[in-house]
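One structure is given below, represented as structure tokens, and several questions about it will come after.
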Amino acid sequence: MKRISLLGATGSIGIQTLEVIREHPEEFGLAAITFGSNMEAGRRIIREFMPRFVSVKEQADYEKLKDEFSGEPVTFSWGEDGNIEAAVHHEADTVVNALLGSIGLVPTLKAIEAKKTVAIANKETLVTAGHLVTEAAKKHGTVLLPVDSEHSAIFQCLQGEDPASVSRLILTASGGSFRDRSRKELEGVTVEEALNHPNWSMGAKITIDSATMMNKGLEVIEAFWLFGIPYSRIDVLLHKESIIHSMAEFEDGSVKAQLGTPDMKVPIQYALTHPSRLPLKNTSRLNLWEQGKLHFSKPDFDRFKCLHFAYESGKMGGTMPAVLNAANEEAVAQFLAGRLEFLEIENRIEQALEAHSIIQNPDLEAIQHADQEARALVRSLLN
Ligand SMILES: NC(=O)C1=CN([C@@H]2O[C@H](COP(=O)(O)OP(=O)(O)OC[C@H]3O[C@@H](n4cnc5c(N)ncnc54)[C@H](OP(=O)(O)O)[C@@H]3O)[C@@H](O)[C@H]2O)C=CC1
Ligand SMILES: CC(=O)[C@@H](O)[C@H](O)COP(=O)(O)O
Ligand SMILES: [Mn+2]
């Protein structure tokens, strides 16, 4: 049985990971969880799975849970340290990182050092410090498995292939909630409209990232680190049905694609069962007769400026992707709080990138400093 530590258990990926665990009780057990402030969902998970370790964001919530579950065989913790404790928990062999944002970086590094297999949904970690994460995984012989649907698709396409024979990666993109609108029509769009993703039901932040196409930009950088392919050979293809989850082209011209209906339980489960597969109930099956047509087009980098910023930041390397990510996290949080216009998100990111003096080959401290500085700048612009 695989014993799982699930960071971010109450979120979109967290909940779907629990569905996978629930479906295969003989294969998977839940050793530890962390979550932020959704206490109702957290309590339900504790009652159902009784994990040995639970950590929450705030100390006050930790005190409450400790009292409520006294007498149960559960240890509680809180804050950043709690995420780290869960990541290295001795009863877990696999860590699913479903945290949101660059707060996932240090727990990921600690899990790798503790030689846990890491199933990573938390793309901001790879964008912020892909070099530290991949170097650590190499050094400690730790397996890093993609959960993000595009990266899982490519990973599945690469099974049994020589990595040196890959000539191109093609990441598909839905185009998000505003894909049919011109830039002019983006003026004054509401949070509610932006949260209306055409194909996927996801957490709020990634849904906004999808609407700006920063999600795809982050995924380009994520692919660079996971698969070691240069940016000049990572393409983005608009595909509004989200049925082809991504593709890999090989040196002989063959292209392999992974397809399926949009359901994150599939890549989550694959990360937990790789290299095998298990049945998965309650997923709708792809019916291409009914589907009839699939659509493809080229993204316009002037329309989707965030995608352009991501490619440029990725190519510059060093601390630039950390700044891109942190400025984006901050600006999206402001948009979600109703404090920033949708089109201002990309302006804030551009300002943060322009203000930053890049540091090459940064250590963790330099990364964290760049992250904090970018956040502070975006906050100050609001004032
Ligand atoms: N959702 C999806 O379909 C996909 C998501 N991803 C990536 O997966 C990651 C998670 O996304 P998603 O599930 O949508 O996000 P959500 O916002 O739905 O979930 C985030 C999770 O992190 C928890 N959390 C937030 N802050 C803390 C903290 N300080 N300590 C502990 N837990 C914390 C939240 O807790 P709480 O809610 O209790 O506050 C919640 O459980 C992101 O990096 C995203 O880009 C990738 C592909 C698809
Ligand atoms: C499910 C998943 O992996 C998301 O990252 C998804 O890809 C978002 O859709 P977009 O293609 O609109 O960014
Ligand atoms: Mn994705």
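The values are calculated or read from the model by the stated rules, or taken from the named source; none is laboratory data. All values reported here derive from a predicted model rather than from experimental measurement. All Cβ positions, even for glycine, are placed from backbone atoms using ideal geometry, and neighbour counts span all protein chains on display.
Looking at Tyr270 and the list (1) farther than 25 Å from Asp235 by Cα; (2) in contact (Cβ under 8 Å) with a residue 60 or more places away in the chain, which single condition is not satisfied?
Here Tyr270 clears every test but (1).
Output the residues belonging to the range 195-217 that are in contact with a Cys (Cβ under 9 Å, 6 or more places away or on another chain) and either at negative phi or of a type in the set (Asp, Glu) (or both).
Asp209, Thr212, Met214, Asn215, Lys216, Gly217
For the range 175-189, does any single residue satisfy the condition of being among the acidic types (Asp, Glu), touching a helix residue (DSSP H, G or I) at 6+ places or on another chain (Cβ under 8 Å) and either within 16 Å of ligand 1 (Cβ to nearest atom) or assigned to a strand (DSSP E or B) (or both)?
no
Among the candidates Leu278, Leu288, which residue alone is of a type in the set (A, V, I, L, M) and free of Cβ contacts under 8 Å to residues at least 24 places away in the same chain?
Of the residues listed, the single one that is of a type in the set (A, V, I, L, M) and free of Cβ contacts under 8 Å to residues at least 24 places away in the same chain is Leu288.
Mind checking whether some residue in the range 126-140 is within 14 Å of ligand 1 (Cβ to nearest atom), outside any loop (DSSP other than H, G, I, E, B), free of Cβ contacts under 8 Å to residues at least 40 places away in the same chain and under 15 Å from the mean Cα position of the chain (by Cα)?
No: zero hits.
Continuing with this model, one more query. From the list Ala248, Ala271, Ala310, which one is away from ligand 1 (no atom under 16 Å from the Cβ) and either hydrophobic (A, V, I, L, M, F, W, C) or farther than 23 Å from Ala119 by Cβ (or both)?
Result: Ala248 is the single residue among Ala248, Ala271, Ala310 that is away from ligand 1 (no atom under 16 Å from the Cβ) and either hydrophobic (A, V, I, L, M, F, W, C) or farther than 23 Å from Ala119 by Cβ (or both).
Tell me which residues, restricted to the range 188-208, are under 16 Å from Leu307 (Cβ atoms) and within 7 Å of ligand 2 (Cβ to nearest atom).
Ile206
Hey, another quick one. For the range 81-108, how many residues are within 16 Å of ligand 3 (Cβ to nearest atom), touching an Asp or Glu at 6+ places or on another chain (Cβ under 9 Å) and not in a loop (DSSP other than H, G, I, E, B)?
Of the residues in that region, 1 qualify.
Whether any residue in the range 232-240 is assigned to a helix (DSSP H, G or I), in the same structural domain as Lys305 (by TED's automatic domain parsing) and of a type in the set (Val, Ile, Thr) is what I want to check.
Taking every residue of the range 232-240 in turn, none turns out to be assigned to a helix (DSSP H, G or I), in the same structural domain as Lys305 (by TED's automatic domain parsing) and of a type in the set (Val, Ile, Thr).
Inside the range 16-73, can you point out the residues that are farther than 27 Å from Thr283 by Cα, of a type in the set (A, V, I, L, M) and surrounded by 19 or more Cβ atoms within 10 Å (Cβ to Cβ)?
Scanning the range 16-73 gives Val54, Val56, Leu65.
With the condition being surrounded by fewer than 16 Cβ atoms within 10 Å (Cβ to Cβ), I'd like the helices (runs of 4 or more DSSP H) fully within the range 317-383 carrying at least 2 qualifying residues.
Passing ranges, in order: 342-355, 364-382.
While we're on this one: Residue by residue through the range 238-268, note down the ones that are under 30 Å from Ser5 (Cβ atoms) and polar (S, T, N, Q).
Ser242, Ser246, Gln258, Thr261
Tally the residues that are within 15 Å of ligand 3 (Cβ to nearest atom) and touching a helix residue (DSSP H, G or I) at 6+ places or on another chain (Cβ under 8 Å), restricting the search to the range 191-203.
Residues meeting the conditions: 5.
Name the pairs whose Cβ atoms lie under 6 Å apart, with the first residue in the range 162-190 and within 16 Å of ligand 3 (Cβ to nearest atom), the second of a type in the set (Ser, Thr, Tyr), and 6 or more positions between them or separate chains?
If the second residue must be of a type in the set (Ser, Thr, Tyr), the pairs left are Leu171/Ser246; Thr172/Ser246; Ser174/Ser242; Gly176/Ser210.
Have a look at Gly175, Gly160 and point out the one that is at positive phi and either surrounded by fewer than 21 Cβ atoms within 10 Å (Cβ to Cβ) or over 21 Å from the mean Cα position of the chain (by Cα) (or both).
Gly160
Moving on to the next point. Those residues that are in a helix (DSSP H, G or I) and among the β-branched types (Val, Ile, Thr), I need them from the range 248-281; list them, please.
Val266, Ile268, Thr273
Suppose we filter the range 215-228 for residues that are part of a helix (DSSP H, G or I) and more than 9 Å from ligand 2 (Cβ to nearest atom); how many remain?
Here the count works out to 9.
Among the residues of the range 294-305, are any farther than 30 Å from Leu18 by Cβ, assigned to a helix (DSSP H, G or I), of a type outside the set (Asp, Glu) and assigned by TED's automatic domain parsing to the domain that holds Trp200?
Scanning the range 294-305 turns up at least one residue that is farther than 30 Å from Leu18 by Cβ, assigned to a helix (DSSP H, G or I), of a type outside the set (Asp, Glu) and assigned by TED's automatic domain parsing to the domain that holds Trp200.
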